[in-house]
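Undergrad: Next up is a structure, given as structure tokens.
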Amino acid sequence: MAEQGEQAERDNPYDVIVIGSGIGGLAAAATLAKLNNRRVLVLERHFQAGGQTHAFTRHGRWHFDVGLHYVGQMARGEGPRKVMDFLTGGRVDWSRMPPALERFIYPDLTFTVQADPQKYLDDLAGQFPAERDALRRYFRDIKKAGFWYGVRSMMNGLPGPVKFAARGVYALFGGLARITTKEYLDRHFSDPRLKALLASQWPDYGLPPSQSAFGMHGGVAWHYLEGAWYPVGGAGRIAAEIIPEIERAGGRVRTGANVTRIIVENGAATGVVAAINGKEKRFHAPLVISDAGAVNTYCSLLPPAVPIPFREELAAFPNGVSALVLYLCFKESPARLGFDGGNVWIYESYDHEEMFSATGVEGPIAYFMSFPSLKDPQATAHTGEVVTMADYGEWKRWAGRGWRKRDKEYYEFKEALAQKLLAKIEARYPGFRGMVAHYDVSTPLTMEYFQGNPAGAFYGVPCVPQRPSRPWSSNRTPVKNLYLAGADSLSPGVVGAMMGGIMAVAATEGSTGMMKVMGKIMRAAPPPDHL
């Protein structure tokens with residue numbers, strides 16, 4: 001099959017090259033293949049496709065996801081589910097997570113979020129009765145702010161005259177989206193415990209309340225109000241079902257192909273240079289879509305001679321947050337300790353700013369626990385994942401040394417952190433440590449090495465209030481025939497990155513491209529009764 005693929009590349013040039021096989025790149029490639037019958041070549045640096053949706057196995061039994069923990073709006077008939085079904089041919093089923101979706105644990109407060117907006121609101125008001133009116137406003141405002149943040153994020157992808165008009169509308173109605181989460185909470189709430197509780201999901205987008213756009217916070221909170229879902233068979237099923245859709249049109253997803261440069265001739269992108277098995281190879285196509293992130297695309301892949309007016313500003317923009325992840329192989333079901341498939345968030349303080357800035361040397365003081373095997377009806381062995389935000393600076397001294405080629409000190413450091421994290425969990429859930437048969441630890445360097453994210457940034461360019469207005473937050477680029485897909489062109493998360501890929505395709509089709517492309521997708525998606 002590999003020889004046939006090589007022959008196809010020599011004999012039949014591709015119509016499109018996509019850099020990166022994250023959900024944004026795969027979404028763009030599959031949409032072009034299915035709607036326009038385009039032959040798309042997807043080049044992925046990792047030895048496995050899927051980006052944040054790829055999965056891996058340990059000891060032949062325990063299956064893990066690297067980035068997907070839960071996804072909202074995957075009920076049959078909802079817009080994001082229709083797009084996902086279109087991309088996968090409807091071959092990925094989604095299991096609804098428990099109604100007790102999130103459990104937030106603070107020093108003297110534990111609160112469970114129910115996957116029912118009214119129940120969620122009533123439970124909050126029951127604990128904080130003096131804040132009932134402000135809570136009602138909050139539930140209205142997260143929807144408004146999330147909507148306008150999405151509108152502003154899409155604005156840069158519009159043609160000039162349309163974009164100018166849209167900016168005027170946003171200036172009038174988008175005020176909530178462009179303040180910080182802290183500003184909003186301080187303006188409307190007085191109880192510091194309630195403020196902390198409402199901000200609990202900040203690791204889902206990677207910034208504490210003082211830095212994050214309230215529009216981003218609102219979008220995430222709104223996204224999960226009706227509950228969350230998990231892909232049956234694990235996140236790896238997504239890429240596994242999208243790739244055949246690309247191949248049916250004559251395309252190919254090629255792993256182990258690290259794109260090092262975008263070829264620009266006479267001001268237009270005409271192909272890429274990729275390192276494959278230690279050798280450089282050129283691929284040409286009249287259209288290039290990058291799912292490698294804004295920083296990589298503009299500051300690394302495009303040659304310095306290509307004029308990018310905002311390159312220096314983007315290079316100076318703060319890096320996004322990274323993460324340390326503990327992958328746990330269990331001897332028995334974690335349900336024995338009371339876990340049920342819902343998410344568990346542990347916070348040792350009510351001060352999210354302190355928890356964001358604290359170093360991990362003494363062990364994390366905020367972490368997220370997920371149990372994929374309790375969400376997946378097809379799981380045959382029990383697994384858990386513990387995620388905590390990590391400072392890249394603590395790991396930078398080992399950067400550039402390659403996977404499994406770092407010194408003893410690196411492995412001792414991450415082992416020490418793993419032990420501290422396990423000790424914290426054991427103190428809270430006695431017997432937890434004894435259930436663990438094996439574990440692995442990924443660090444910011446793991447993310448940087450496999451996915452090329454600068455400084456191991458988990459969510460790409462940080463979602464500060466000014467991000468959507470910056471020129472690099474767009475599917476369109478200053479280079480003709482080059483477009484940006486994925487999270488940096490819209491928002492973090494599986495749905496945000498997926499829609500960033502759809503928008504990249506839409507941007508190639510003019511001012512009404514989004515309406516045309518989404519209309520075609522909605523008509524082509526398998527109907528709910530087919531699934």
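The values are calculated or read from the model by the stated rules, or taken from the named source; none is laboratory data. Bear in mind that the values here come from a model prediction, so they are computed numbers and not experimental data. Neighbour counts are summed over all protein chains in view; Cβ atoms, including those assigned to glycine, are modelled from backbone coordinates with ideal geometry.
Conditions (1) closer than 30 Å to GLY24 by Cβ; (2) not assigned by TED's automatic domain parsing to the domain that holds SER200; (3) not hydroxyl-bearing (Ser, Thr, Tyr), marked per residue:
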{"residue": "PHE86", "(1), (2), (3)": "yes, yes, yes"}
{"residue": "GLY89", "(1), (2), (3)": "yes, yes, yes"}
{"residue": "ARG103", "(1), (2), (3)": "no, yes, yes"}
{"residue": "PRO107", "(1), (2), (3)": "no, yes, yes"}
{"residue": "VAL113", "(1), (2), (3)": "yes, yes, yes"}
{"residue": "ASP123", "(1), (2), (3)": "no, no, yes"}
{"residue": "GLY126", "(1), (2), (3)": "no, no, yes"}
{"residue": "LEU135", "(1), (2), (3)": "no, no, yes"}
{"residue": "TYR138", "(1), (2), (3)": "no, no, no"}
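Here's the yes/no breakdown for (1) of a type in the set (A, V, I, L, M); (2) under 21 Å from the mean Cα position of the chain (by Cα); (3) farther than 27 Å from TYR224 by Cβ; (4) outside the structural domain of ALA257 (by TED's automatic domain parsing):
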{"position": "ILE276", "(1), (2), (3), (4)": "yes, no, yes, no"}
{"position": "GLU280", "(1), (2), (3), (4)": "no, no, yes, no"}
{"position": "ALA292", "(1), (2), (3), (4)": "yes, yes, yes, no"}
{"position": "LYS331", "(1), (2), (3), (4)": "no, no, yes, yes"}
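Residues checked against (1) loosely packed, with under 15 Cβ neighbours inside 10 Å; (2) over 21 Å from the mean Cα position of the chain (by Cα); (3) at negative phi:
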position	(1), (2), (3)
GLY90	no, yes, no
ASP93	no, no, yes
PRO99	yes, yes, yes
PHE104	no, yes, yes
THR110	yes, yes, yes
ALA115	no, yes, yes
ALA125	no, yes, yes
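Undergrad: Sort out which residues of region 127-149 are over 24 Å from the mean Cα position of the chain (by Cα) and basic (Lys, Arg), and write them in order of number.
TA: ARG132, ARG136, ARG137, ARG140, listed by residue number.
Undergrad: If the requirement is being of a type outside the set (D, E, K, R) and loosely packed, with under 15 Cβ neighbours inside 10 Å, which of these qualifies: ALA416, ALA390, ALA379, ALA366?
TA: The conditions single out ALA416.
Undergrad: Now, a different point. For PRO303, indicate whether it is under 28 Å from the mean Cα position of the chain (by Cα), modelled with pLDDT of 95 or more and surrounded by fewer than 18 Cβ atoms within 10 Å (Cβ to Cβ).
TA: yes
Undergrad: Further, regarding this structure: Do we find a residue being among the β-branched types (Val, Ile, Thr) and in contact with a strand residue (DSSP E or B) (Cβ under 7 Å, 6 or more places away or on another chain) anywhere in region 352-363?
TA: Within region 352-363, none of the residues are among the β-branched types (Val, Ile, Thr) and in contact with a strand residue (DSSP E or B) (Cβ under 7 Å, 6 or more places away or on another chain).
Undergrad: Still on this model: Only one residue in GLY496, GLY510, GLY500, GLY519 is assigned to a loop (DSSP other than H, G, I, E, B) and among the small types (Gly, Ala, Ser), so which one is that? Walk me through it before giving the result.
TA: Details: GLY496 fails: assigned to a loop (DSSP other than H, G, I, E, B); GLY500 fails: assigned to a loop (DSSP other than H, G, I, E, B); GLY519 fails: assigned to a loop (DSSP other than H, G, I, E, B).
Going through GLY496, GLY510, GLY500, GLY519 in turn, just one is assigned to a loop (DSSP other than H, G, I, E, B) and among the small types (Gly, Ala, Ser): GLY510.
Undergrad: Suppose we keep only residues that are buried (at least 22 other Cβ atoms within 10 Å of the Cβ) and more than 24 Å from ALA125 (Cβ to Cβ) within region 179-207. Which one would you say is nearest to the chain's Cα centre (by Cα)?
TA: Among residues in region 179-207 that are buried (at least 22 other Cβ atoms within 10 Å of the Cβ) and more than 24 Å from ALA125 (Cβ to Cβ), the one nearest to the chain's Cα centre (by Cα) is TYR205.
Undergrad: If the requirement is being in contact (Cβ under 8 Å) with a residue 24 or more places away in the chain and assigned by TED's automatic domain parsing to the domain that holds LEU482, which of these qualifies: ASN343, ASN296?
TA: Criteria check complete, one pass: ASN296.
Undergrad: Taking the stated definitions as given, is TYR483 buried (at least 24 other Cβ atoms within 10 Å of the Cβ), in contact with a Gly (Cβ under 7 Å, 6 or more places away or on another chain), among the aromatic types (Phe, Trp, Tyr) and in contact (Cβ under 8 Å) with a residue 40 or more places away in the chain?
TA: Values: buried (at least 24 other Cβ atoms within 10 Å of the Cβ): yes; in contact with a Gly (Cβ under 7 Å, 6 or more places away or on another chain): no; among the aromatic types (Phe, Trp, Tyr): yes; in contact (Cβ under 8 Å) with a residue 40 or more places away in the chain: yes.
So TYR483 does not fit the description; no.
Undergrad: Next question, about the same structure. Has region 123-144 got any residue that is over 19 Å from GLY500 (Cβ atoms), out of contact with any helix residue (DSSP H, G or I) (no Cβ under 8 Å at 6 or more places or on another chain) and small (Gly, Ala, Ser)?
TA: Yes, that holds for at least one residue.
Undergrad: Restricting to region 61-97, count the residues that are closer than 16 Å to PRO372 by Cβ and either in contact with a His (Cβ under 7 Å, 6 or more places away or on another chain) or of a type in the set (Lys, Arg) (or both).
TA: Keep residues of region 61-97 that are closer than 16 Å to PRO372 by Cβ, which gives 61-71, 74, 92-97.
Applying the additional criterion that residues be either in contact with a His (Cβ under 7 Å, 6 or more places away or on another chain) or of a type in the set (Lys, Arg) (or both) yields 61, 66, 96.
Counting residues in region 61-97 that are closer than 16 Å to PRO372 by Cβ and either in contact with a His (Cβ under 7 Å, 6 or more places away or on another chain) or of a type in the set (Lys, Arg) (or both) gives 3.
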